[in-house]
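Down below is the structure, laid out as structure tokens.
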Amino acid sequence: MRLSIDVTLDYTIDGEADVLLLIEAAKGPDQRLELQDLRVHSPEPLRAVPGEDGIGQRCWARGKGAFRADYKAVVEILREPVDFSTLGDTPIRQMPPETIPYLLPSRYCESDRLEGFVEQEFGGLSAGPLATALTAWVGEHLTYASGISSGTTTAMMTFAERRGVCRDYAHLLVALARAGGIPARCVSAYAPGVDPPDFHAVAELWIGGGWHLVDATGMASCGNLARVAVGRDATDIAFMTVFGSATLQYQSVSVERL
């Protein structure tokens, strides 16, 4: 699978502000960058810093007045679908140290408050079979609805409302997985067919000795997702963080199969 990605961000910065961009597709063994071009209209040189877990990179820019970023890429996706139900269990005490933060609650994924629900509804399941069941539950019990949630909506709020957008689906699946003893992280990604077209958020679960992407909304599959960044929750994977105030003028995200 090859994807063509075209992004435009057009904002007005009130005064001056530092801007942290996270919009470049990540290099990795499961995806290859054939072409990549990031252009930012900034009064100062850009500075790249590594993303969480060394996946992808963030880009520091300086905004003053009109601020625009244009990004184009062609990405080849190399990963194959995996049947979660066949993936075995790993005792928590034997998991790699880098998975530990993704077993714990975070600001938007209050997994400790969902432990009782997971035990009651999915007791006896673990690893791959549990991941399969949790993904199905989120997909069946949530309704995709724009404008329902906000930047402060947490997994518990989504659990109660049963509605939300991709970020909310990802938060809830991640929280449920952590509650069941599965390391889980949020992933920002590009995918074709996302409606409405936008940056996409999915989950990544550590089962069977490795990380596996899963989109509980059902809009994308692991074979057509271009990973951008990973993190504990939406705080770590926001496509743009402005350390000041900004007004959106225009934003476009286009992802097409080649």
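Listed values, structure above:
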{"read-out": "Inter-part distance where the stretch 224-255 and the stretch 23-95 are each reduced to a Cα centre, Å", "value": "11"}
{"read-out": "Overall form of the stretch 24-146 per C-alpha gyration tensor (a/c, 1.5; a/b vs b/c)", "value": "prolate"}
{"read-out": "Cβ crowding within 10 Å averaged over residues, with 95-104, 230-239 ranked highest first", "value": "230-239, 95-104"}
{"read-out": "Given charges at beta-carbon only (K, R positive; D, E negative), |dipole| of the chain in Debye", "value": "340"}
{"read-out": "Peptide ranges 52-61, 113-122, 170-179 listed from the most packed, as the mean C-beta count within 10 angstrom indicates", "value": "170-179, 52-61, 113-122"}
{"read-out": "Accessible surface of the stretch 1-45 [probe 1.4 Å, protein heavy atoms]: carbon and sulfur percent", "value": "44"}
{"read-out": "Potential lengthening between Leu35 and Leu248 on full extension [0.36 nm per residue; Cα-Cα distance subtracted]", "value": "73.9 nm"}
{"read-out": "Listed peptides 78-87, 183-192, 9-18, 212-221 by packing density, highest first (mean Cβ within 10 Å)", "value": "183-192, 212-221, 9-18, 78-87"}
{"read-out": "Sulfur and carbon atoms: percent of accessible area, the stretch 59-193 [1.4 Å]", "value": "53"}
{"read-out": "Nearest-0.05 FRET efficiency for Arg113 and Arg93, computed from C-beta distance (R0 25 Å)", "value": "0.60"}
{"read-out": "Summed side-chain charge close to Arg47 - residues other than Arg47 whose Cβ falls under 12 Å, Lys, Arg +1, Asp, Glu -1", "value": "0"}
{"read-out": "Estimated distance in nm for a label pair at Asp14 and Ile100, the labels positioned 7 Å out from Cα along Cα-to-Cβ", "value": "4.1"}
{"read-out": "Simple spin-label estimate for Tyr144 and Glu161 in nanometres, 7 Å along Cα-Cβ", "value": "1.7"}
{"read-out": "Net charge of neighbours whose Cβ lies under 11 Å from the Cβ of Thr12, counting Lys and Arg as +1 and Asp and Glu as -1", "value": "0"}
{"read-out": "Surface accessible to a 1.4 Å probe, per residue, for the residues of the stretch 164-234, Å²", "value": "21"}
{"read-out": "Charge context of Val255, other residues only, Cβ under 12 angstrom, K/R +1, D/E -1", "value": "-1"}
{"read-out": "At least 30 Å along the helix axis (C-alpha) and Kyte average at least 1.0, DSSP helices within the chain", "value": "none"}
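The values are calculated or read from the model by the stated rules, or taken from the named source; none is laboratory data. Predicted model only: the values in this text are computed from it and were never measured. In this analysis, Cβ positions are derived from the backbone assuming ideal geometry, glycine residues included, and neighbour counts consider all displayed protein chains. Heads up: the accessible areas ignore ligands, DNA and RNA and are worked out on the full protein's heavy atoms, side chains in. Shrake-Rupley method; radii C 1.70, N 1.55, O 1.52, S 1.80 Å.
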